[in-house]
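Heads up: the structure comes next, in C-alpha cells.
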Amino acid sequence: MPSVSHLAPTYLGLDVHKDTISVAILIPDHERPEVDRIPHDEPSVRRLVGRLGDPRRLRACYEAGPTGYDLARLLHSMHVCCEVIAPSLIPTAPGDRVKTDRRDCRRLARLHRAGELVRSASPACGKKRSGTCAGPVPTWSSTAPAPGTGWACSCCATAGPGGAATPGR
C-alpha cells in the first residue's frame, strides 16, 4: 500500500520570546520533532516557512503571551494555519516543572498533532482589533481555498490528526 504521508500536515510548535523563536518541526511519520531557533523577525519567519514547502500543509501553534498575536497574523497572511494556545489549558504531567524552550516547543508540536490543545480566542484572521469582523471569515481546506472565501485558517475549523477538518473548538 503506498504511503500518503506526503498529504499529512507538518506541525510546528513555537516557543516565542521577544528576541527568538524556538521551533519544533514535526514532519509526518516521525515521532521526534527537529528543533531550530530563529530570530523573532518577519524575514526569519518567512525563510522558515519557505524552506518547509507548501504553507497550506503547515499547522503552527504557540502559547498566548506578552508577544501578542502579531506572529499569528503574519503566519495567517502566509497561508499557514496557526493557533494561539491558552497556556493554562496545556496538559502537563504531575510534577513536570522543568521548562526549557526546546522542551516546550517539542511538547506543543506533539500535543498539537494529537489534537490535545485548546486555542484561545484570536483576532488573527480577518478581524479588527475591536473584535468585529472585517469581512468574510475564511474556512479551512486541506488542498485549496474555499470558493470566494480566500485562504483557509484555523479561525473556523481545526485540522485534526491526518489533516481532516473538524469544526472549531
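Does the stretch 55-75 contain at least one residue that is of a type in the set (Val, Ile, Thr), within 25 Å of residue 116 (Cβ to Cβ) and at pLDDT 95 or above? Show your work before the answer.
So in the stretch 55-75, the residues of a type in the set (Val, Ile, Thr) come out as 67.
Keeping just the survivors that are within 25 Å of residue 116 (Cβ to Cβ) gives 67.
The next check asks that each one be at pLDDT 95 or above; those that pass are none.
No, that holds for no residue.
Looking at 92, 67, which is the one that is farther than 20 Å from residue 110 by Cβ and of a type outside the set (Gly, Ala, Ser)?
Values: 92 fails: farther than 20 Å from residue 110 by Cβ.
Just a single option satisfies the conditions, and that option is 67.
Does residue 47 meet the test of being outside any loop (DSSP other than H, G, I, E, B), of a type outside the set (Asp, Glu) and over 12 Å from residue 109 (Cα atoms)? Don't jump to the end; show me each part of the working.
Numbers: outside any loop (DSSP other than H, G, I, E, B): yes; of a type outside the set (Asp, Glu): yes; over 12 Å from residue 109 (Cα atoms): yes.
Here the answer is yes, as residue 47 does meet what is asked.
Quick one: which residue in 103, 97, 59 is within 19 Å of residue 36 (Cα to Cα) and free of Cβ contacts under 8 Å to residues at least 12 places away in the same chain? Give the derivation first.
Values: 97 fails: within 19 Å of residue 36 (Cα to Cα); 59 fails: free of Cβ contacts under 8 Å to residues at least 12 places away in the same chain.
Only one candidate passes the filter, namely 103.
Can you name every residue in the stretch 40-63 that is under 21 Å from residue 99 (Cβ atoms) and surrounded by fewer than 20 Cβ atoms within 10 Å (Cβ to Cβ)?
From the stretch 40-63, those under 21 Å from residue 99 (Cβ atoms) are 40, 60-63; that's our starting set.
Within the stretch 40-63, just 40 meets the criteria.
Looking for something modelled with pLDDT under 90 and surrounded by fewer than 16 Cβ atoms within 10 Å (Cβ to Cβ) - is there at least one such residue anywhere in the stretch 100-119? I'd like the intermediate steps shown before the answer.
Keep residues of the stretch 100-119 that are modelled with pLDDT under 90, which gives 118-119.
Checking the rest, the ones that are also surrounded by fewer than 16 Cβ atoms within 10 Å (Cβ to Cβ) come to 118.
Yes, because at least one residue in the stretch 100-119 is modelled with pLDDT under 90 and surrounded by fewer than 16 Cβ atoms within 10 Å (Cβ to Cβ).
Just the residues that are of a type outside the set (Val, Ile, Thr) and either buried (at least 16 other Cβ atoms within 10 Å of the Cβ) or not in a loop (DSSP other than H, G, I, E, B) (or both), please, taken from the stretch 25-39.
Within the stretch 25-39, 26, 28, 33, 34, 36, 37, 39 qualify.
The values are calculated or read from the model by the stated rules, or taken from the named source; none is laboratory data. Quick caveat: nothing in here was measured; it's all calculated off a predicted structure. Every residue, glycine among them, receives a Cβ derived from its backbone with ideal geometry; neighbour counts consider all protein chains shown.
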